[in-house]
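Below is one structure; the comments refer to it alone.
The values are calculated or read from the model by the stated rules, or taken from the named source; none is laboratory data. Model, not experiment: these values are computed from the prediction. All Cβ positions, glycine included, derive from the backbone under ideal geometry; neighbour counts span all protein chains shown.
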Amino acid sequence: MARGGSGPTGSDSSVGISREIRRSWAETYSSTRYDQLPWFSARPASWIERGVQQGWLRKRGGHLDVGCGAGTNVLWLTARGFVATGVDLAPGAIAAARRRASRTRGGSRARFVVGDALALPFPEGAYETASDIGCFHSLPPQRRRDYARELSRVLVPGGRLLLSWVAREATQERGPPHRPSVLEVANALEERFLFQLLEFRDARPGRDELRTYSVVLRRRAEPQPPPR
């Protein structure tokens, strides 16, 4: 799973994403070169760059990029001294990321794993920080709380998650079919994460850009207090 494209979607009431959806993502990468897919970028996401500039992401501890695609964000981070892991549902995405890592400065610090964002193959508290630039909005809406559970499980208490998604305000036909509002994201994540920063990125005049929201979240160290 990766940012900015429509991609396959679907639902499954079991632990992870269904076999049908896994197969769809595998076929997407086997039928099209990774760098020809609409969500591929040779540059890291601007929210990742901001994360490093602002100190939201730090080199201590490990970093996890969820829905890493062909690995651009992970490779950009490892070139700057981070130890980072990318996880993606599509084997073809991970194969492309590994090939790119083999010829990229710092690529030896990059780890790429085939895995499901709803059933991550990592132990509890394995990462200090995480990022998701376009995986969340590709998930079935009814599985968003499962996603929140898994991300909070693999992050240390107080660990940060940088999340970006295509906003409901993006009305173009292209892009992901599920475009959650801020309220929908809060309903899914607030039980397990504190919202530290929220930004809306509008389309620049004359450009057919997808409007996006980006947030900095902190994994709760204590349960969310009850309503009062």
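Tabulated results
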read-out: Residue check, VAL113 hydrophobic (A, V, I, L, M, F, W, C), in a loop (DSSP other than H, G, I, E, B) and more than 25 Å from GLU173 (Cβ to Cβ); value: no
read-out: Selection status of VAL87, under 12 Å from the mean Cα position of the chain (by Cα) and either under 22 Å from GLY55 (Cα atoms) or assigned to a strand (DSSP E or B) (or both); value: yes
read-out: Condition check for GLY159: in contact with a strand residue (DSSP E or B) (Cβ under 8 Å, 6 or more places away or on another chain), of a type outside the set (D, E, K, R) and on the phi > 0 side of the Ramachandran plot; value: no
read-out: Single residue of the stretch 60-84 satisfying the filter (part of a loop (DSSP other than H, G, I, E, B) and touching a residue at least 40 places away in the same chain (Cβ under 8 Å)) that is farthest from VAL156 (Cα to Cα); value: ALA70
read-out: Any hit, the stretch 164-175, residues being assigned to a helix (DSSP H, G or I) and loosely packed, with under 15 Cβ neighbours inside 10 Å; value: no
read-out: Matching option when the condition is modelled with pLDDT of 95 or more and basic (Lys, Arg), among ARG174, ARG105, ARG145, ARG109; value: ARG145
read-out: Residue within the stretch 148-163 that is in contact with a Cys (Cβ under 8 Å, 6 or more places away or on another chain) and in contact (Cβ under 8 Å) with a residue 40 or more places away in the chain present; value: no
read-out: ARG153 being within 21 Å of CYS68 (Cα to Cα) and not hydroxyl-bearing (Ser, Thr, Tyr); value: yes
read-out: Residue within the stretch 128-146 that is within 22 Å of ALA90 (Cβ to Cβ), touching a strand residue (DSSP E or B) at 6+ places or on another chain (Cβ under 6 Å) and in a loop (DSSP other than H, G, I, E, B) present; value: yes
read-out: The stretch 67-113: number of residues that are over 20 Å from SER41 (Cα atoms) and aliphatic (A, V, I, L, M); value: 1
read-out: Any chance PHE195 is in a strand (DSSP E or B), modelled with pLDDT of 95 or more and out of contact with any Leu (no Cβ under 8 Å at 6 or more places or on another chain); value: no
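Residues are listed down the side, and each one gets a yes or a no for (1) surrounded by fewer than 19 Cβ atoms within 10 Å (Cβ to Cβ); (2) more than 14 Å from the chain's Cα centre (by Cα); (3) under 23 Å from GLU124 (Cα atoms); (4) modelled with pLDDT under 95:
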position: ALA2; (1), (2), (3), (4): no, no, no, yes
position: SER14; (1), (2), (3), (4): yes, yes, yes, yes
position: ALA42; (1), (2), (3), (4): yes, yes, no, no
position: SER46; (1), (2), (3), (4): yes, no, no, no
position: GLU49; (1), (2), (3), (4): yes, yes, no, no
position: TRP56; (1), (2), (3), (4): no, yes, yes, no
position: GLY61; (1), (2), (3), (4): yes, yes, yes, yes
position: THR72; (1), (2), (3), (4): no, no, no, no
position: LEU77; (1), (2), (3), (4): no, yes, yes, no
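Listed here are the residues, each with its yes/no results for (1) touching a helix residue (DSSP H, G or I) at 6+ places or on another chain (Cβ under 6 Å); (2) of a type outside the set (A, V, I, L, M, F, W, C); (3) within 24 Å of ARG58 (Cα to Cα).
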| residue | (1), (2), (3) |
| --- | --- |
| PRO141 | no, yes, no |
| ARG153 | no, yes, yes |
| VAL156 | no, no, yes |
| PRO177 | no, yes, no |
| GLU190 | no, yes, yes |
